[in-house]
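Each reported figure results from applying straightforward, stated rules to the coordinates on display, with no laboratory input. Note that this is a predicted model, so its numbers are computed, not measured. Here the Cβ positions follow ideal geometry from the backbone for every residue, glycine too, while neighbour counts run over all protein chains shown.
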Amino acid sequence: MLTRLAPWQYNKLMVYRSPMLLSSLACAALAFCTTLPAQSGSPLDFDFWAGQWSVQNRHLQPSGQWQDGTTTAARITPVLDGAALVEEWAGPFGNGFMNGFSLRAYDPAADLWTILLFWTMDGDAGFGRMQGSFRHGRGTFLAPLNPTPGSGNVTRYTFSDALANTVRWDSAKSQDGGLTWKTDWIMEFTRTASAQATTEEQLFQTPWNAGSLSMHVEARRLDWMRGQWVGTETAADGSVREAQLDCTLLNKDCMVLSQLATRAEGERDWQKSLNVRAYVSGAQRWEAWRIAEGEPVLRPSVGIEQNDSLIFRNATANGRRVESIEPVGADKMAWTIRLLNQKGEELWRIERRLERQ
C-alpha cells in the first residue's frame, strides 16, 4: 500500500545544483541550456525549469523503503516577461487526482524568492507560502522561513541535478527546527517541451489541466472573467491609458489568473501586472495575490462579496487599498481601485472599463 502525505502538508523548497564539469561546447549542444545562478539570487535562478515535463514520483514508505509512484505532468510558464513563473502540476495521487499551482517571483531588494502554492484534490485548499534564496548555485526555500533550531516542524523542497532535459526535486521534513532532515518524496522530471514552446499566450489561451472540480458555489463567482478584454484605465487626474486583460481558469477551474497590460498614448511598451484569485473554503472567503513589473513583491488581499461585486482589501503603509470587480451586462467589466488613508479618505482612484473581445 503506497503511503503519501496530503497536499496541504507540503510547502515547497527549491534547491538548484548545476553540474560543475559541463564545457561551453557541451552546453551549446544541449537542447536546453541555462546560465548558472550567481552566488547571490537572480531573477534567472529558475529559468532552467521553464517548459513542460513528465514527472516520475517516488515516495518513502513507513517501512523506510522507497516505492515508485505515479507518473504526472508539469507545465512551467514564465510570465510578466520573465519576472515570475507559473507552475501547473497534475496527475494521479493516492486514490485521487492532484492539481498543483505555484507562482514564484524574486525580490532583488530582499534577495528572496517567494513561492505561492495552491495544491488541491477536491477544490478545498488554501494558499501556502515559502521563501528562500540562491547562494553559490544552491537555492534553499523553507516553510517557515526562519525556524528555531531544535524545535518545530519545517518543510524543505529541493531542485538538483538540473541538466538539459532532466531535473530532480526532493521534499524533506524536519521535526527539530532544521537540525536533521528526512527526505520523503522525490520527483524526477523529464522534459517534454522546451521553454521556448511554453509561452504566456499558451498559458492564457490553451487549457492544460482542463476540467472543473465540484466545489462551493461561491468558488464560481469569477468564472465570467475568463477570456480577453480591452478598454481603458482612467486615473483620478483624468489621464487615460489603453488596457488589455487576459484571464484564464487554472487548477481544474479552482483559480482565476489574470494579466493586465496598460500603456499611455504614444508609449510602445506595456506595463504589466498579474493577479491570482481563489476561493478558500476553509476561511469562507476569496483570497488574492498580485505582482507587477518593476515591483516583484507578491502582495495579498482578502475578498468579500458585496451585491454583484467582489471587494478585495489589503493594508498599506498609510491606509488600505480597496479593489472592486463586477460584471456590467454580459460582456463588460468595471474594475475600480482606490487608495484610502487611515481615516478612510480617498487619496487616489483608478477606473478600468473593459469589454470582452
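Below, the figures for the structure above:
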item	result
DSSP-assigned coil residues among trypsin sites (Lys or Arg not before Pro) in region 241-290, each with at most 15 further Cβ atoms within 10 Å	Arg268
Neighbour-count ranking [beta-carbon atoms within 10 angstrom, fewest first] of Thr336, Thr180	Thr180, Thr336
For the chain, calculated [θ]222 nm from helices alone, where every DSSP H run of n ≥ 4 adds -39500 (n - 2.57)	-1000 deg cm²/dmol
With at most 12 other Cβ atoms within 10 Å, longest stretch of the chain clear of loop GluC sites (Glu not before Pro) (DSSP)	1-264
Centre separation in Å (Cα based) which lies between region 246-262 and region 298-336	15 Å
For Gly94, residues with placed amide H under 5 Å, excluding near neighbours	none
Table column - 3J(HN,Hα) (Hz), region 262-275, Karplus curve with 6.51, -1.76, 1.60, x for Gly and Pro	10, 7, 7, 4, x, 7, 8, 8, 8, 9, 10, 9, 10, 10
Qualifying trypsin sites (Lys or Arg not before Pro) in region 180-232, DSSP loop, other Cβ atoms within 10 Å at most 12	none
Candidate aspartates and glutamates - alpha carbon under 17 Å from Lys182, same-chain residues fewer than 8 apart omitted	Asp170
Dipole magnitude (debye, nearest 20) for the chain, charges at Cβ of Lys, Arg, Asp, Glu	720 debye
Alpha carbon centroid spacing (whole Å) that separates region 105-171 from region 178-207	13 Å
Long-range amide H partners of Gly126 with built H, under 5 Å	Trp119
Enclosed volume per residue, in Å³, of the convex hull spanned by Cα atoms of region 210-356	132 Å³
Cubic angstrom per residue, convex hull over Cα atoms of region 66-146	145 Å³
Kirkwood hydrodynamic radius over Cα pairs of the chain, then Stokes diffusion coefficient at 37 °C and 0.692 mPa s, in µm²/s	152 µm²/s
